[in-house]
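K.L.:
Before I ask anything, let me first share the structure, which is written out below as structure tokens.
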Amino acid sequence: MIKRFTLGSLFLIGFSIALYASKVDTVSVFSPSMQKGIKTVVILPDTYSQETRFPVLYLLHGYSDNYSGWVTKVPAVKELADQYGMIIICPDGAFGSWYFDSPVDPSFRFETFVSKELVEWVDRNYMTIAKREGRAITGLSMGGHGGLFLGFRHQDIFGVCGSMSGGVDIRPFPNNWDLAKRLGSQRENPENWEKYTVMNQLHLLAPNSTRIIIDCGTDDFFYDVNLRLHQELLYRNIPHDFITRPGAHNWDYWKNAVKYQALFFSNYFDAVKASPAPSGSRHRERR
């Protein structure tokens, strides 16, 4: 039987699809530590309601970009929110914050903002699973550094973390990407460069203390430092997923990589939900 659709019925079908698509908002989240509002994109899945709590993916942008980078350059991230039933949060990390609290510039407090102030704001304002098992963090390039730096340092906040083409060891790049503005020159402040690189956070990890995914293309200028991080994690017996394939430091690579990472995080969230709580334990959500 051939079905015929009128223009009106097609409009209703299109309206119904739009009605159940993910919702994207841009909000301003006040940062007490920096005394200003930080623009943030919030993507709610099509199943979002006040009757269910949802896991949250914090998705960080790269150097020179902003809060809108992911949704404008990879619109498919909105579909990932629907596909996996997760809230996606894309905060502004400034032109070159590298997502740490700068030891030389007190106006840059992005570790505090993302790992504390933003998380608390999101948990107050949305139906979230407000515990580490309900939170993931990742990003690209500078945001890849942020995803692992914050994930390793705040395992009580994030249960799983990742990086796409991340600058996971900043020490080989003393003259690039505003790093000297955030840390001081490497020659005069070598201790800052040692303290604020992902590579020197590995002592915080224990086997299975957090779930980790690392993704970097073989043609990327960060490939060598990602490979070294992978090898160091192996040496320390830290389980992790390490993905590499042909690709450079560009959006063609990241729009593919984010799909693998979203699946990894969804599998983590599903496994946590499926795992029985220890006998006699009680989980309290932070609201």
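K.L.:
If the Cβ limit is 7 Å and pairs must be 6+ apart or interchain, which residue in the stretch 207-231 that is within 21 Å of Lys255 (Cα to Cα) pairs with which residue that is among the aromatic types (Phe, Trp, Tyr) and part of a strand (DSSP E or B)?
P.N.:
Sorted first by the residue in the stretch 207-231, then by its partner, the pairs are Ile214/Phe242.
K.L.:
Further, regarding this structure: Considering only the stretch 130-141, how many residues are buried (at least 19 other Cβ atoms within 10 Å of the Cβ) and not in a strand (DSSP E or B)?
P.N.:
Number satisfying all stated conditions: 3.
K.L.:
Does Val27 satisfy being among the β-branched types (Val, Ile, Thr) and buried (at least 17 other Cβ atoms within 10 Å of the Cβ)?
P.N.:
No; evaluated as a whole, the condition is false for this residue.
K.L.:
If you check Asn176, Asn208, which single one turns out to be over 30 Å from Ser266 (Cβ atoms) and surrounded by fewer than 14 Cβ atoms within 10 Å (Cβ to Cβ)?
P.N.:
The conditions single out Asn176.
K.L.:
Right, here's the next one. Testing Trp70 on (1) more than 30 Å from Ala206 (Cβ to Cβ); (2) out of contact with any helix residue (DSSP H, G or I) (no Cβ under 6 Å at 6 or more places or on another chain); (3) at pLDDT 95 or above, one condition comes back false. Which one is that?
P.N.:
(2)
K.L.:
Give the stretch 111-129 a look and list any residue that's in contact (Cβ under 8 Å) with a residue 60 or more places away in the chain, open to solvent by less than 10 Å² (accessible area, probe 1.4 Å) and farther than 23 Å from Gln50 by Cα, or say none.
P.N.:
Phe113
K.L.:
Name every residue in the stretch 105-134 that is touching a Leu at 6+ places or on another chain (Cβ under 8 Å) and over 16 Å from Ile38 (Cβ atoms), in order of residue number.
P.N.:
Tyr126
K.L.:
Let me ask something additional. If the Cβ limit is 7 Å and pairs must be 6+ apart or interchain, which residue in the stretch 85-99 that is open to solvent by less than 10 Å² (accessible area, probe 1.4 Å) pairs with which residue that is among the acidic types (Asp, Glu) and outside any loop (DSSP other than H, G, I, E, B)?
P.N.:
Note: pairs meeting the criteria are Tyr99/Glu111.
K.L.:
Does Asp156 satisfy being in contact (Cβ under 8 Å) with a residue 60 or more places away in the chain and charged (D, E, K, R)?
P.N.:
Considered against the rule, which asks whether it is in contact (Cβ under 8 Å) with a residue 60 or more places away in the chain and charged (D, E, K, R), Asp156 comes out as no.
The values are calculated or read from the model by the stated rules, or taken from the named source; none is laboratory data. Computed from a prediction, not measured in an experiment: that's the story for all the values here. In this analysis, Cβ positions are derived from the backbone assuming ideal geometry, glycine residues included, and neighbour counts consider all displayed protein chains. Each accessible area value is taken on the protein alone, full model and side chains, heavy atoms only, with ligands, DNA and RNA left out. Shrake-Rupley method; radii C 1.70, N 1.55, O 1.52, S 1.80 Å.
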